[in-house]
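The values are calculated or read from the model by the stated rules, or taken from the named source; none is laboratory data. Since the structure is predicted, the reported quantities are computational estimates derived from the model, not experimental observations. Virtual Cβ from ideal backbone geometry, glycine too; neighbours counted across all protein chains shown. To get the accessible areas, we keep the full protein, side chains included, count just its heavy atoms, and leave off ligands, DNA and RNA. Shrake-Rupley method; radii C 1.70, N 1.55, O 1.52, S 1.80 Å.
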Amino acid sequence: MNFYNQVGIIIRKEYYKFKIFMFIYWLMMVSTVGMYTMYIADAGFSKKEISIAVSIFTFSTFIGRNLIGYLADRFKSVKKILFISIIIGAIATIALLFSKDRWVINIIILLWGIFFNGSVPLSEAWYIEVLKENGDQNKFGTIRGFGSIGYSLSAILLGLLLEKFGWDIYAWYILISVCFLLLSILWIAESKEVKFYKAAGGKRDKGDVSVKEGLAQIIKIRPLMYILIILFMYFFVVKGIYVYLGVLVSDSGGGPLSLGFAYFFDSTPELISFFLTSRLLRKYHSKNLIFAAIILQIARLLLILVFSSSLAIILMGTLSGLAYGLIAAVYKTYIYELAPEKYKVSCLGLGESVIGLSGVVSAPFFGFMIINFGTYASIAVGLAIGTAAALILAGNIFKKSGRQGENHGITNNMEPPLKQLKK
């Protein structure tokens, strides 16, 4: 066996490890990110208190993602920072076994937001870096897809267990899944210690520019600023509805199993989008695919309003999953395409911050809507915002339809960023 075959086998084994890691990571995450709103509702929280808890969780997630990312860069260790973050989140979970006081639960939710949900970008950055170094960016969807499988199956399993044994098993389920997650992290070597990670070589923009410079570039490049506004509106609605999914299902008469099925139908279709996006990008422009994702979300919210039942919320999650997998896989490429060479990484980071900020703002907004006007009124408002985003983007697409390549698949303007990513 020659050297290149040996390296290929090693790489494939590492990718296999990351698939297992993603599966277990999202298997654990659905128990906290997905189920905590229904848990605190069962614990006696009023809708106002749930809104406060969701706002705490969303804001702490925003803080956590920036803090954990900074620590990983500061200490140049993804594995150790990720491991420590999960440990801290697990320690917070143990407190659920001893206290059900509201202030204790809010502190736990705060820590979950920082150290569990805040670790999501780091979990993906760990293998995105590996894929870039080996020129395998197109494999991102297959690895991330295993996370969607874990999320889907865990949602059903946890829903069944909660229906049968009640919420007393909730903390134990989280802790057991955390143990498996920590083992999967230990199983994978730190990226800087694995020599083949640097096999592809290539010097990339590290994004060593000021925030002021990055913002100036975003404002200067109108299509870039334009798409970030559209994405802010899109994620404002999607995240605002998603964080209150437990409340929506509960208000419609559903229980933990219904919520589990809602997450199952919401995450499983992501697999289709993640696997198909690389092919779609060869045929359609990123902007058109973003527009398609918005239309899917509009259809989802409209159908929920029409049928007004927990079954509609569950089944329409399919459209949401397809839309999420689609937009998550293309918007970064589009931002990368629009940004100048020197500012590509910086604009990507700032773009992520803008999108993350949409979740921070939407949590209290939709909480206010649910408390004062009801769940379906909040969905109607989300539908209106999503429709506005679609109309704005459609106007932009049709306005530029006369330009070469805008409505005829990906032209040469898509090739440079994809090639740059492989370097």
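Could you tell me the accessible area of residue 74 in Å² (1.4 Å probe, neighbours in place), rounded to the nearest ten?
Per-residue accessible area (residue 74): approximately 140 Å².
Where only protein heavy atoms count, and the probe is 1.4 Å, what is the accessible area per residue for region 236-303 in Å²?
Working: 2420 Å² over 68 residues.
That works out to 36 Å² for each residue.
For residue 244, which sequence-distant residues (separation of 5 or more, or a different chain) have an amide H within less than 5 Å of its own amide H, given hydrogens modelled in the peptide plane?
Those lying under 5 Å, H to H, from residue 244: there are none.
Taking all protein chains in place and a 1.4 Å probe, what share, in percent, of the accessible surface of region 27-124 do carbon and sulfur account for? Numbers along the way, then the final one.
Numbers: 2820 of 4050 Å².
The computed percentage sits at 70.
Cα centroid distance between region 144-165 and region 245-301, in Å?
17 Å
In whole Hz, with x marking every Gly and Pro, tabulate ³J(HN,Hα) for region 355-366 from phi via Karplus 6.51 cos²θ - 1.76 cosθ + 1.60, θ = phi - 60°.
For region 355-366, the Karplus-derived couplings read 5, x, 5, 4, x, 5, 6, 6, 4, x, 5, 6 Hz, x marking Gly and Pro.
Per residue, how much accessible area does region 16-112 have with a 1.4 Å probe, in Å²?
Values: 4250 Å² over 97 residues.
I get 44 Å² per residue for region 16-112.
Provide 283, 139 ordered by accessible surface of protein heavy atoms (probe 1.4 Å), highest first.
Details: 283 125, 139 75 Å².
Result of the area sort, largest leading: 283, 139.
From the phi of every residue in region 226-242, what ³J(HN,Hα) in whole Hz does the Karplus formula 6.51 cos²θ - 1.76 cosθ + 1.60 yield, where θ is phi - 60° and glycine or proline is x?
Per residue, the Karplus-derived 3J(HN,Hα) values read 4, 5, 5, 5, 4, 5, 4, 5, 4, 6, 4, 6, 4, 5, x, 6, 5 Hz.
How many lysine pairs are close in region 7-91, with Cα atoms under 27 Å apart and the two 8 or more places apart or on different chains?
Taking the Cα cut-off of 27 Å, the pair count is 9.
Per residue, how big is the convex hull of region 243-286 when only Cα atoms are used? Give it in Å³.
Numbers: hull volume 3.7 nm³, N = 44.
Measuring per residue, one finds 84 Å³ for the Cα hull of region 243-286.
Taking all protein chains in place and a 1.4 Å probe, what share, in percent, of the accessible surface of region 295-339 do carbon and sulfur account for?
Numbers: 1140 of 1520 Å².
It is 75 percent, rounded to a whole number.
Taking amide H atoms as placed 1.01 Å from N in the peptide plane, list the residues 5 or more away in sequence, or in a different chain, whose amide H sits under 5 Å from that of residue 284.
For residue 284, whose amide H was placed from the backbone, the distant partners under 5 Å are 410.
Go ahead and run the numbers for FRET between residue 398 and residue 46, Cβ-Cβ distance against an R0 of 45 Å, rounding to 0.05. Can you show the working numbers first?
Numbers: r = 47 Å, r/R0 = 1.04.
It comes out at approximately 0.45.
For region 295-306, in order, what is each residue's ³J(HN,Hα) by Karplus, 6.51 cos²θ - 1.76 cosθ + 1.60 with θ = phi - 60°, in whole Hz (x at glycine and Pro)?
4, 4, 5, 4, 4, 4, 5, 5, 5, 5, 5, 5
Starting from the Cα of residue 63, move 7 Å in the Cα-to-Cβ direction to define the label point; list residues of region 103-145 whose amide nitrogen is under 20 Å from there.
Flagged as within label range: 103-122.
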